[in-house]
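Working notes, beginning with the structure itself.
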Number of protein chains: 2
Amino acid sequence: MSEMTNSYDINEFKNPIFTVDSVLFTVKDDALKVLMVKRANEPFIGNWGLPGGFVDVDSDTTTDGTALRKLEEKTSVAPQYLEQLQVFSGNARDPRGFSVTLVYFALIPAQEVSSHIDTVDDVQWIDIKNINSLSIAFDHKVIIDQAKERLQQKALYSMVPVYCLPEYFTVGQLKSVIETIIGKTIQRKSLIRRIESTDMFETIDEKVKSGGRLAQQYKVKAGVDIVNFERNLSS
Amino acid sequence: MSEMTNSYDINEFKNPIFTVDSVLFTVKDDALKVLMVKRANEPFIGNWGLPGGFVDVDSDTTTDGTALRKLEEKTSVAPQYLEQLQVFSGNARDPRGFSVTLVYFALIPAQEVSSHIDTVDDVQWIDIKNINSLSIAFDHKVIIDQAKERLQQKALYSMVPVYCLPEYFTVGQLKSVIETIIGKTIQRKSLIRRIESTDMFETIDEKVKSGGRLAQQYKVKAGVDIVNFERNLSS
DNA sequence: AGAATAGTGTCTGTCAGACACTATAGA
DNA sequence: TCTATAGTGTCTGACAGACACTATTCT
């Protein structure tokens, strides 16, 4: 029966190890990057791992809180977008026994964290293309791959990539971020059609220079939800 | 740092309570139904709850195994389709403290379980429309609602609803199941186009009577993955 | 003027919706 | 023949892809 046994003991032996980790993405220098942390403890000491840790049942009200708290410890700011990716579990993925990791998938504009990250050397943006050449803790390589796939899918039918951009952004910037995420080019026209067909954005009066004609700036309207389109972009 | 503290103690005080629950759907008598279990223990004794329970770290290799094991205890068979829905967590959703529930979302043909279920009275298919008039344990009402939403979404861009049907099925049966799930009618023609455009199905030589002209039967090809379409049906 | 980027106009292609039409079984 | 369900033919509509064209800014 759900969530109970007859005499539940909170210290019951052989509970799974439960942790919360996050795959925080950003787009920087035209590359998709993940925030990784150099592990200071066993197991996998010295390897790169995802930021995360245990729930603090006294201060966290939900696991979302745990994810945010752990991310803020590493970046000093909260991501603009956070959603659950998936749980990864098993009796073989952690040498200490059966473990369960709830993985979140998050987005943030690069410049919101860069200044903080530059001052430490155990937290770093890793280019997704270099993951395979590094020593990665646990099954975090697989996890990152799953997260990347999800992000790429979402970029085809939603506007989530805007959360990799600063408050004000141009069509050109959004196009570039989307293209970096999905790894192929898209039609500028299609993007504009989508921007105009949703009610997610408002235009900013002041335009901005971009090497050519001044570009219209947009921002996400306050309090709007992400719109999902009923059709994918070229996939 | 992910998945460890300096001196991790598996019996550390104040770990969250971790359970695995499943929302098992079927379509029966033209209604979408969920498998619910009458709780025999506190908390919420006597209320209806989702089938689930604790991980058995000795026999389960992953949480998928936990979900399947718990479902088989109630139905005596394995569902045809199983995927993670979401984690629900918080310090307020269980009177015993911070709890984490990994919820799976599963599909099964009604006739595969009905004979077994009819012999017990603490396990039952509940019509989704009657959920609000029952006493439901924990936040399981909210969970079921989320699961229903996900199922409805999936029915618009994938063929998952076939997993509510027996091995051999007709277009008419599939159409009816989809319509029950999403709560509106769809075009028979659109469904046939989708069936023919994917490589998921094979036709069965023997046709079957259905009140009119004999109907072509289909089955899911062995070992195929679910196809996701790039467009939704009318939503 | 020429390069660079922003933005529009508009045609095509794909696929879902609509719905009339044909096919075939049983009463 | 009448009704019920299966299955086809085909037109329309929505929206993404393609790409030429115009607009504006800087050098």
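The values are calculated or read from the model by the stated rules, or taken from the named source; none is laboratory data. A quick note: this is a predicted structure, and the numbers were derived from the prediction, not measured. Counting neighbours? That spans all protein chains shown, and the Cβs are built from the backbone with ideal geometry, glycine included. SASA here: full protein model, heavy atoms, side chains in, ligands and nucleic acids out. Shrake-Rupley method; radii C 1.70, N 1.55, O 1.52, S 1.80 Å.
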Does B:Ser135 meet the test of being within 14 Å of DNA strand C (Cβ to nearest atom) and polar (S, T, N, Q)? no
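Scanning the stretch A:187-196 for residues that are more than 14 Å from chain B (Cβ to nearest Cβ) and open to solvent by less than 100 Å² (accessible area, probe 1.4 Å), which turns out farthest from DNA strand C (Cβ to nearest atom)?
A:Arg194
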Some residue of the stretch B:197-205 being outside any helix (DSSP H, G or I), in contact with a Pro (Cβ under 9 Å, 6 or more places away or on another chain) and open to solvent by less than 10 Å² (accessible area, probe 1.4 Å): no
Considering only residues that are open to solvent by less than 20 Å² (accessible area, probe 1.4 Å) and part of a strand (DSSP E or B), look in the stretch A:121-135 and name the one that is nearest to A:Ser197 (Cα to Cα). A:Ile126
Residues located in the stretch B:206-221, provided they are more than 8 Å from DNA strand C (Cβ to nearest atom) and either in the same structural domain as B:Gln146 (by TED's automatic domain parsing) or surrounded by 11 or more Cβ atoms within 10 Å (Cβ to Cβ) (or both): B:Val208, B:Ser210, B:Ala215, B:Gln216, B:Gln217, B:Tyr218, B:Lys219, B:Val220, B:Lys221
From A:Ala106, A:Ala92, residue being more than 30 Å from B:Phe229 (Cβ to Cβ) and either touching a helix residue (DSSP H, G or I) at 6+ places or on another chain (Cβ under 6 Å) or not assigned by TED's automatic domain parsing to the domain that holds A:Ile192 (or both): A:Ala92
Which numbered condition A:Ile182 fails, given (1) outside the structural domain of A:Ile45 (by TED's automatic domain parsing); (2) open to solvent by 50 Å² or more (accessible area, probe 1.4 Å): (2)
Give the number of residues within the stretch B:91-114 that are of a type in the set (Ser, Thr, Tyr) and facing chain A (nearest Cβ under 7 Å). 2
Can you name every residue in the stretch B:206-232 that is assigned to a strand (DSSP E or B) and among the hydroxyl-bearing types (Ser, Thr, Tyr)? B:Tyr218
Could you run through the stretch A:60-80 and say how many residues are more than 18 Å from B:Val100 (Cβ to Cβ) and surrounded by fewer than 18 Cβ atoms within 10 Å (Cβ to Cβ)? 5
Only residues that are crowded, with 19+ Cβ neighbours inside 10 Å, within 16 Å of DNA strand D (Cβ to nearest atom) and part of a helix (DSSP H, G or I): list them for the stretch B:145-175, please. B:Tyr157, B:Pro161, B:Val162, B:Gln173, B:Leu174
All-but-one check, B:Ser115 against (1) at pLDDT 95 or above; (2) more than 16 Å from DNA strand C (Cβ to nearest atom); (3) over 18 Å from the mean Cα position of the chain (by Cα); (4) part of a helix (DSSP H, G or I), failing number (1)
